[in-house]
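Working notes for the structure below.
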Amino acid sequence: MKHVLQIVILGALDAIAIWVGTSLVVQAHYLMAVLLLIGAAGINYVYLSKRAYPMRYLLPGLIFLFSMVVYPIGYSFYISFTNLSTGHLLNKPQAIEQITGRFYTPSDAPSFSYEAFEDDTGDIALVLYGDDETLLYYQGVLTQIDPSDDRLVDEDGDGKPDRFLSYKVMTLPEIIKGLPTIEGLRIPYDEGTIRLDSLREFKLSSRRYSYNPATDMMRDLQTGTVYPNLEGFYTSDDGDELYPGFKIWMGLKNYLELILNPLVSGPFARVFGWTVIFAGLSVLTTFALGLFLAILLNDPYLKLRRFYRVLVIVPYALPAFISILIWHGLLTNMGLFNHVLLQLFHFSIPWLENAFWAKVSIILVNLWLGYPYMMIVSLGALQSIPGELYEAARVDGATWWQRFSKITLPLLLMPLAPLLIGSFAFNFNNFTLIWLLTEGGPPINARTVAQSTDILLSYAYRLAFQGARGNQFALAAAVSVVIFFIVATISAINFRLTGALEDLSKNV
């Protein structure tokens with residue numbers, strides 16, 4: 001029974017893989033189709049072969065690792081080397097098809113009044129009345145007919161056909177309802193195309209652009225202007241671009257933009273600097289306050305010590321996003337803080353509207369959110385320090401500062417250093433705090449998408465989805481790759497430091 005169930009599940013998986021793979025091949029996504037089929041074949045081998053039995057327990061985790069981690073990282077790397085952005089979302093054949101599919105209507109173009117007919121299935125037939133001829137468009141074929149054709153039936157004797165075979169004439173409200181279908185009709189006729197020009201008539205239109213594959217150029221058949229291919233846009237000599245553009249390989253251009261283009265490198269450097277300052281200050285302030293409270297609460301003679309421990313851990317127990325939204329309400333112009341300041345001192349502080357105070361607000365809110373964690377780990381580390389060391393120091397006449405700087409702090413930093421580095425990496429990408437509290441604001445100026453309190457991650461998000469020049473996915477991917485390498489470097493330092501501290505602790 002187990003074997004039969006295994007065959008059924010794998011059969012269903014194979015059927016889905018073949019169906020999706022065929023769809024990918026039809027859409028010319030050959031690499032994705034090959035990877036999908038190789039993956040399906042690998043799953044079949046693992047679950048049908050006894051030699052691969054141990055892999056059955058690793059494969060589900062590996063699948064999620066690849067789909068949720070490896071593939072997004074790899075795709076971000078790939079996108080960062082392209083020009084994927086607003087105006088460059090299509091591939092080249094799709095862009096060419098859209099551009100060459102455009103028409104224009106000359107001022108002297110022949111026009112046709114028309115009658116539209118519709119059958120029970122929704123199929124539409126047209127009778128087009130020109131100056132010298134009457135045309136019938138029926139089932140995709142255009143033919144010339146006589147207005148007295150017996151297929152056109154005038155049931156009420158008003159001189160206009162009311163029915164064509166099983167098709168009934170469409171009233172004006174029905175034509176309006178069916179406009180998406182009628183507007184989409186392209187009827188080839190006399191080296192041109194008959195298209196709907198207004199609600200009352202069709203006109204003979206001409207194709208606007210032609211494409212020359214040999215020279216990779218577009219030509220405007222109306223004006224004669226030539227548009228060579230220039231970095232994913234067909235662009236004329238005077239800078240006029242034909243939309244849409246298409247995705248191309250750009251190499252290191254996006255990374256060079258982050259360094260060499262003042263409109264990009266300036267905001268990027270400002271955001272990078274604030275990101276480092278924010279992460280560093282967050283670690284420093286939360287660790288300082290957490291350690292201070294831990295030292296107080298570690299005193300065995302402190303009354304109500306357990307009550308205080310429960311009280312100071314409350315910010316850690318609440319969901320962070322709820323705390324941030326509450327703080328946002330407290331810090332607005334009409335919030336509680338400014339209300340108290342106005343009542344007592346007759347002034348208010350633009351906590352979220354001024355760049356400096358917005359940064360101060362972020363540090364304060366992150367201090368509220370982060371100190372309980374630092375207090376907990378510091379309290380645990382303090383309790384592992386032998387009390388005999390302090391007694392010996394007192395006997396030798398050491399002051400409280402000497403005991404703290406020579407005993408407490410060194411012995412705390414040994415186990416806590418990796419946690420502090422990890423906290424720095426976490427705050428380096430603390431998108432939730434920035435976005436919920438200030439949304440990266442306030443704005444700097446209209447020339448850059450970066451705002452005063454944006455960190456690298458929120459800056460990348462803004463480039464990708466909120467750019468003034470559209471969605472700059474490739475540039476955002478380049479920023480994401482930079483973030484990846486920074487965090488990877490921090491993680492490598494963390495691992496190395498952890499190993500070094502482990503070796504050091506053996507001698508303590």
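The values are calculated or read from the model by the stated rules, or taken from the named source; none is laboratory data. None of the values given here were measured: they were computed from a predicted structure. All Cβ positions, glycine included, derive from the backbone under ideal geometry; neighbour counts span all protein chains shown.
Here is how the numbers come out for the structure above:
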read-out: Condition check for N91: touching a helix residue (DSSP H, G or I) at 6+ places or on another chain (Cβ under 6 Å) and over 15 Å from E201 (Cα atoms); value: no
read-out: Unique residue being touching a Lys or Arg at 6+ places or on another chain (Cβ under 8 Å) and either exposed (fewer than 14 other Cβ atoms within 10 Å of the Cβ) or closer than 28 Å to I444 by Cβ (or both) when the list is R394, R403; value: R394
read-out: Candidate set: the range 193-220, residues that are without any contact (Cβ under 8 Å) to a residue 24 or more places away in the chain and under 16 Å from T105 (Cα atoms); chosen: the one surrounded by the fewest Cβ atoms within 10 Å (Cβ to Cβ); value: S198
read-out: Entirely in the range 41-159, the helices (runs of 4 or more DSSP H) that have 1 or more residues that are farther than 30 Å from P228 by Cβ; value: 55-65, 71-80
read-out: Filter result (farther than 14 Å from V449 by Cβ and either within 20 Å of the chain's Cα centre (by Cα) or among the small types (G, A, S) (or both)) within the range 258-271; value: A269
read-out: Selection count, the range 332-376, where residues are part of a helix (DSSP H, G or I), under 31 Å from the mean Cα position of the chain (by Cα) and in contact (Cβ under 8 Å) with a residue 60 or more places away in the chain; value: 12
read-out: So L281, is it within 30 Å of F424 (Cα to Cα), hydrophobic (A, V, I, L, M, F, W, C), more than 22 Å from the chain's Cα centre (by Cα) and at pLDDT 95 or above; value: yes
read-out: A294 vs. criteria under 30 Å from I385 (Cα atoms), of a type in the set (A, V, I, L, M, F, W, C) and in contact (Cβ under 8 Å) with a residue 60 or more places away in the chain; value: yes
read-out: G178 vs. criteria of a type outside the set (S, T, Y), under 40 Å from the mean Cα position of the chain (by Cα), in the same structural domain as A125 (by TED's automatic domain parsing) and surrounded by fewer than 11 Cβ atoms within 10 Å (Cβ to Cβ); value: no
read-out: Single match in Y75, Y53, Y57, Y45 (criterion: within 27 Å of K253 (Cβ to Cβ) and without any contact (Cβ under 8 Å) to a residue 40 or more places away in the chain); value: Y75
read-out: One residue from L379, L419, L367 being surrounded by 16 or more Cβ atoms within 10 Å (Cβ to Cβ) and at pLDDT 95 or above; value: L367
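Rundown of residues vs (1) surrounded by 13 or more Cβ atoms within 10 Å (Cβ to Cβ); (2) over 18 Å from W435 (Cα atoms); (3) of a type in the set (A, V, I, L, M, F, W, C), yes/no style:
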{"residue": "L291", "(1), (2), (3)": "yes, yes, yes"}
{"residue": "D299", "(1), (2), (3)": "no, yes, no"}
{"residue": "R309", "(1), (2), (3)": "yes, yes, no"}
{"residue": "A320", "(1), (2), (3)": "yes, no, yes"}
{"residue": "T332", "(1), (2), (3)": "yes, no, no"}
{"residue": "G335", "(1), (2), (3)": "yes, yes, no"}
{"residue": "L344", "(1), (2), (3)": "no, yes, yes"}
